[in-house]
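Chemist: Would you mind keeping the following structure in view while I ask a few things?
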Amino acid sequence: MTTIGFVGLGAMGGPIAGRLLASGNQVYAWNRTAAKAAPLVERGAVWRETPRQIAEAAEVIFSMVADDAALEAITSGPEGILAGLAPGKVYLDMSTVSPQASRELGERVRSLDADMLDAPVSGSIGAAEDGSLTIMVGGDRPAFERVEPLLRELGHTVVHVGANGQALVLKLAINLSVGAQMLAFSEGVLLAERGGIDRALAVKVMADSSIGSPMLRARAPLVLDLPEEAWFDVQLMQKDIRLALQTARTLGVPLPSGALTDTLLTSASELGYARRDIAALVKVLAQTPAR
């Protein structure tokens with residue numbers, strides 16, 4: 001049994017913390033909205049009042065929050081994670097944030113004689129629940145090897161990528177493709193439909209064809225019936241696309257598909273789809289004038 005702290009129990013963090021708890025570990029939990037921790041507490045997790053108390057109680061600390069600002073909020077200040085870290089502890093951040101923010105945080109953690117790993121994940125809520133995530137890890141390899149057994153409880157693919165920040169570059173590369181694929185798929189569905197082909201038939205044939213990646217096949221039903229609860233919402237997708245564009249500028253890499261995806265995601269938010277799944281792109285295109 002490992003004593004684990006988990007900060008950030010949202011759509012992905014909650015199921016991940018649940019798997020760590022179900023594997024027999026002691027889990028201490030904190031979330032900005034305390035009600036989201038209630039299901040875990042009912043199963044045996046222990047609530048703590050601040051991120052600092054989480055770091056003080058646990059050997060290994062996980063966090064998963066929305067963006068750079070949220071990561072700064074949970075790590076800094078007298079009640080932040082860093083205030084509770086002690087030498088020898090390992091802190092894993094699973095958030096999708098900027099590589100630069102993660103590298104800077106890693107330096108602050110190392111100054112406390114603790115270890116920090118960035119460990120962003122790829123996969124849906126279902127993958128978080130059943131332990132089939134893809135987990136990319138950046139940071140010192142000895143620290144990675146210490147926590148690798150825990151990560152193997154969460155993902156079928158667990159890969160050490162390199163130094164702090166590099167796992168996030170790879171995660172942004174993946175999400176860049178997710179957004180561009182979803183946009184291209186939506187364009188094709190709308191083209192077929194306006195050419196007189198039944199939308200359900202077009203979606204099935206396209207998803208079953210050579211373009212049908214696992215991501216597209218999983219999301220195809222959502223194009224036909226957009227759920228109220230998003231798997232991956234427009235707002236978070238745009239945050240990741242913009243992080244990819246920002247990173248690409250520093251590396252001198254052109255991202256034309258990323259720039260176009262960003263434009264359509266802006267339109268999606270303006271049309272009221274910010275908190276809906278990215279499968280809403282087909283609805284956005286249907287309301288976009290042809291050029």
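Chemist: Based on this model, can you work out whether VAL147 counts as at pLDDT 95 or above, farther than 27 Å from ARG242 by Cβ and assigned to a helix (DSSP H, G or I)? Full working, then the answer.
Modeler: Working: at pLDDT 95 or above: yes; farther than 27 Å from ARG242 by Cβ: yes; assigned to a helix (DSSP H, G or I): yes.
Yes, satisfied.
Chemist: I need a count of the residues in segment 147-171 that are touching a residue at least 60 places away in the same chain (Cβ under 8 Å) and farther than 16 Å from ASP93 by Cβ.
Modeler: Of the residues in segment 147-171, 1 are touching a residue at least 60 places away in the same chain (Cβ under 8 Å) and farther than 16 Å from ASP93 by Cβ.
Chemist: Then there is this: Which pairs do you get when a residue that is modelled with pLDDT under 95, found in segment 226-250, comes within reach of a residue that is of a type outside the set (D, E, K, R), reach meaning Cβ atoms under 6 angstrom, with the pair 6+ apart or on two chains?
Modeler: TRP231/SER124; PHE232/ILE278
Let's see how each residue does on (1) over 24 Å from ARG19 (Cβ atoms); (2) in contact with a helix residue (DSSP H, G or I) (Cβ under 7 Å, 6 or more places away or on another chain); (3) not in a helix (DSSP H, G or I):
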| site | (1), (2), (3) |
| --- | --- |
| LEU40 | no, yes, no |
| GLU56 | no, yes, no |
| ALA69 | yes, no, no |
| LEU82 | yes, yes, no |
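Chemist: Among all residue pairs at least 6 apart or on different chains, which show Cβ distances below 6 Å where the first residue, located in segment 262-275, is closer than 16 Å to PHE232 by Cα and the second is surrounded by 14 or more Cβ atoms within 10 Å (Cβ to Cβ) and among the polar types (S, T, N, Q)?
Modeler: LEU265/GLN238; ALA274/GLN235
Chemist: Taking segment 108-125 as the search range and keeping residues that are without any contact (Cβ under 8 Å) to a residue 40 or more places away in the chain and assigned to a helix (DSSP H, G or I), which one is surrounded by the most Cβ atoms within 10 Å (Cβ to Cβ)? Spell out the reasoning first.
Modeler: Initial filter on segment 108-125 (without any contact (Cβ under 8 Å) to a residue 40 or more places away in the chain): 108-115, 123.
Checking the rest, the ones that are also assigned to a helix (DSSP H, G or I) come to 108-110.
Working: ARG108: 14, VAL109: 24, ARG110: 14.
Per the stated criteria, the residue is VAL109.
Chemist: For segment 22-31, name all the residues that are without any contact (Cβ under 8 Å) to a residue 40 or more places away in the chain and not in a strand (DSSP E or B).
Modeler: Taking segment 22-31 first, the residues without any contact (Cβ under 8 Å) to a residue 40 or more places away in the chain are 22, 24, 26-31.
Those that are without any contact (Cβ under 8 Å) to a residue 40 or more places away in the chain and not in a strand (DSSP E or B): ALA22, GLY24, ASN31.
Chemist: Run down ILE197, ILE174 and say which single residue is more than 15 Å from ASP93 (Cα to Cα), modelled with pLDDT of 95 or more, assigned to a helix (DSSP H, G or I) and not assigned by TED's automatic domain parsing to the domain that holds GLY123. Even if it seems obvious, please write down each step before you answer.
Modeler: Working: ILE197 fails: assigned to a helix (DSSP H, G or I).
Answer to the selection: ILE174.
Chemist: Please tell me if ARG108 is in contact with a helix residue (DSSP H, G or I) (Cβ under 8 Å, 6 or more places away or on another chain), assigned by TED's automatic domain parsing to the domain that holds ARG52 and of a type in the set (D, E, K, R).
Modeler: On the way: in contact with a helix residue (DSSP H, G or I) (Cβ under 8 Å, 6 or more places away or on another chain): yes; assigned by TED's automatic domain parsing to the domain that holds ARG52: yes; of a type in the set (D, E, K, R): yes.
For ARG108, the condition - in contact with a helix residue (DSSP H, G or I) (Cβ under 8 Å, 6 or more places away or on another chain), assigned by TED's automatic domain parsing to the domain that holds ARG52 and of a type in the set (D, E, K, R) - is met.
Chemist: Among the candidates VAL137, VAL147, VAL158, which residue alone is surrounded by fewer than 24 Cβ atoms within 10 Å (Cβ to Cβ), touching a helix residue (DSSP H, G or I) at 6+ places or on another chain (Cβ under 7 Å), in the same structural domain as TYR91 (by TED's automatic domain parsing) and under 21 Å from SER102 (Cα atoms)? Let's see the steps before the verdict.
Modeler: Working: VAL137 fails: surrounded by fewer than 24 Cβ atoms within 10 Å (Cβ to Cβ); VAL147 fails: touching a helix residue (DSSP H, G or I) at 6+ places or on another chain (Cβ under 7 Å).
VAL158 is the lone residue from the list that is surrounded by fewer than 24 Cβ atoms within 10 Å (Cβ to Cβ), touching a helix residue (DSSP H, G or I) at 6+ places or on another chain (Cβ under 7 Å), in the same structural domain as TYR91 (by TED's automatic domain parsing) and under 21 Å from SER102 (Cα atoms).
Chemist: For the list (1) closer than 30 Å to GLY272 by Cα; (2) touching a Gly at 6+ places or on another chain (Cβ under 7 Å); (3) not acidic (Asp, Glu), I need the number of the one condition that MET215 fails.
Modeler: The one condition MET215 does not meet is (2).
The values are calculated or read from the model by the stated rules, or taken from the named source; none is laboratory data. Remember, predicted model here, so these are calculated numbers, not experimental data. Please note: Cβ atoms are built from the backbone with ideal geometry, for glycine as well, and neighbour counts cover all protein chains shown.
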